[in-house]
Amino acid sequence: MAEIKVPELAESITEGTIAQWLKQPGDYVEKGEYIVELETDKVNVEVISEEAGTIQELKADEGDTVEVGQIIAIVGAGGEASAPAEPKEEQQEAPKQGEKAEEKAPQEETPAAKEDKKNRPIASPAARKLAREKGIDLSQVPTDPLGRVRKQDIEAYDNKPASSPSKPASEAKKAPAKKDDGKPVEREKMSRRRQTIAKRLVEVQQTAAMLTTFNEIDMTAVMELRKRKKDKFFEDHDVRLGFMSFFTKAVVAALKKYPYVNAEIDGDEVVLKKYYDVGVAVSTEDGLVVPVVRNCDRKNFAEIEGEIMELATKARNNKLSLADLQGGSFTITNGGVFGSLLSTPILNGPQVGILGMHTIQLRPVAIDKENMENRPMMYIALSYDHRIIDGKEAVGFLSMIKNLLENPEDLLLEG
C-alpha cells in the first residue's frame with residue numbers, strides 16, 4: 001500500500017488546490033502515471049503515483065486546499081483494492097454450529113458503476129472548476145464535437161433559461177444574491193492564481209517606489225524590414241518573424257547599457273544581474289503568467305521567436321512548469337494585442353523594470369517644418385523602481401529602445 005502525498009512544489013509554494021482527479025477509487029494505475037492535477041499559485045502540476053496498484057481512497061475532493069506533504073490518496077499494491085471495513089452494526093453474525101455458511105461471491109464492480117466511469121465527461125480543469133462554482137452537473141452539459149466540455153460550454157449552459165427542458169429544475173441557476181440595497185449581484189470565488197496575482201500586485205505597489213516614463217516609436221523601419229524578410233525567415237527557421245524578437249533584443253542592449261534596470265533589491269544591497277532572462281507576459285483563462293526566455297543575449301531572432309511561441313502555447317494549454325516561470329530579470333508585456341493605446345504596467349517583483357508595448361496606430365508625424373506624414377506609431381512605457389533607478393536612467397533606457405527600433409540595422413549589430 002502506498003500513500004500519495006502533495007510533492008514539494010517550489011521554495012515559495014506551500015499549498016495547492018485539487019483541480020481535477022484523473023483517477024477514481026477502483027481505477028488501476030501504473031507506476032509513474034498521473035492521478036491528480038493540482039492548481040498552485042503559478043502553474044498547474046500533475047502528480048504521479050509512485051507505485052502500481054488500485055486507487056483505494058481519495059482523501060481530498062476537487063476544490064480542496066492541500067498542503068505540501070499531505071496525504072491525498074491511497075494506492076493498494078499489486079492491483080488489489082482492499083474492501084473498506086463494514087460498520088460494526090452491519091457486520092453479519094458468524095454462522096451457528098451446524099449451520100452452513102452462505103458463500104459470498106467476491107465483491108466486484110457493478111456494470112452500472114463501470115458504465116458511470118466510462119461515461120464520465122472529459123472536461124478541462126477550468127471547466128470543472130467553473131462547474132463546481134456554479135453547482136452544475138458536468139454530465140448535463142452538451143459537449144463539443146470531440147466529446148469534451150470546455151469552459152465556454154459551461155458558461156453557455158449556465159446562461160440558458162432556468163425553464164429549459166434539458167436542464168432539470170434542481171440544476172437551475174440559483175437566484176443572484178442581493179445586497180442590502182436590493183441590487184442583484186452574483187458572487188464567484190477567486191481562483192488561487194487570481195488571489196496570488198492580486199496579492200503580489202498590491203505588495204509591489206506597497207513596497208516599490210514605482211514610476212512610469214513614456215516614449216513613442218515610429219515602427220515604419222521595423223515593419224518594412226519585417227515585410228521584406230518574413231517569408232525567407234519562415235522558410236529558413238520554420239517560425240514567423242514577429243515584433244517580440246526585435247523588442248527583446250533591444251531590451252537586452254539597453255539593459256547592458258543601463259545595468260540597474262536589470263537588478264533587484266535584497267535588503268540594503270543591490271543585486272546587479274549579469275544575465276538576461278526576459279519574462280514575456282502571456283494572458284490565459286486563469287490570468288496573466290510570465291514565462292521566461294533564458295539567455296536572450298545569446299539567442300538569435302529565430303531562437304527568441306521560437307521560444308516565445310512555445311512558452312505561449314504551453315501557457316494557454318496549462319502546461320507550463322515552475323522552471324518556466326522562475327528567475328526572470330526583466331519583463332515585457334504587450335497590451336497592444338488587446339488594443340491598448342497607453343498604459344502603466346505594474347512591476348513584476350522583485351524585478352525593478354517592466355516594458356509595456358502598445359497597439360500600433362497610424363498618426364500624423366511632422367517630418368520637417370513643411371511636411372507631415374501618417375506613420376505607424378507605438379507608445380511604449382517603462383515602469384521602474386525609483387529606489388535604485390533614477391529618472392535619467394529610465395528615460396535613457398527607453399530612448400535607446402526607441403532609437404534601436406527606428407534603426408533596426410543598428411539593432412542587428414547590437415544583437
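The values are calculated or read from the model by the stated rules, or taken from the named source; none is laboratory data. Computed from a predicted model, the values in this text were never measured in an experiment. Cβ coordinates were reconstructed from backbone atoms using ideal geometry, including for glycine residues, and neighbour counts include every protein chain displayed. The area values use the complete protein model at the heavy-atom level, side chains included, leaving out ligands, DNA and RNA. Shrake-Rupley method; radii C 1.70, N 1.55, O 1.52, S 1.80 Å.
Brief remarks follow.
- Peptides ranked, highest mean first, by Cβ atoms within 10 Å: ranges 303-312, 318-327, 183-192: 303-312, 318-327, 183-192
- Summed residue charge, Cβ within 15 Å of P345's Cβ, Lys/Arg positive, Asp/Glu negative: 0
- In this structure F338 has an accessible area near 150 Å², from a 1.4 Å probe over the protein heavy atoms.
- Calculated FRET efficiency for the pair I71/E406, C-beta based, R₀ 51 Å, to 0.05: 0.30
- The length gained by stretching the chain between K5 and E46 to full extension, at 0.36 nm per residue less their Cα-Cα distance, is 13.6 nm.
- Simple spin-label estimate for A209 and E155 gives 4.3 nm between the two label positions (7 Å along the Cα-to-Cβ direction from each Cα).
- Shape of segment 195-270 from the C-alpha gyration tensor: prolate (a/c of 1.5 or more and a/b above b/c, with a ≥ b ≥ c the square roots of its eigenvalues).
- Here I367 and V202 are evaluated by their C-beta separation; at R0 = 51 Å the FRET efficiency comes out at 0.65.
- Using a probe of 1.4 Å, the accessible surface attributed to T54 totals some 10 Å² when neighbouring protein chains are kept in position.
- Sorting Y276, Y34, Y379 by accessible area puts them as Y34, Y379, Y276; the probe is 1.4 Å, largest comes first, and only protein heavy atoms count.
- A cut-off of 5 Å between modelled amide H atoms, ignoring neighbours fewer than 5 places along the same chain, links V293 with V278, G279, V280.
- The figure for F234 is an accessible area of roughly 80 square angstrom, using a 1.4 Å probe on the protein chains alone.
- Interchain or long-range residues, amide H under 5 Å from M210's placed H: H386
- Computed FRET value (nearest 0.05) for A221 with T143, which takes r as the C-beta separation and R₀ as 56 Å: 0.70
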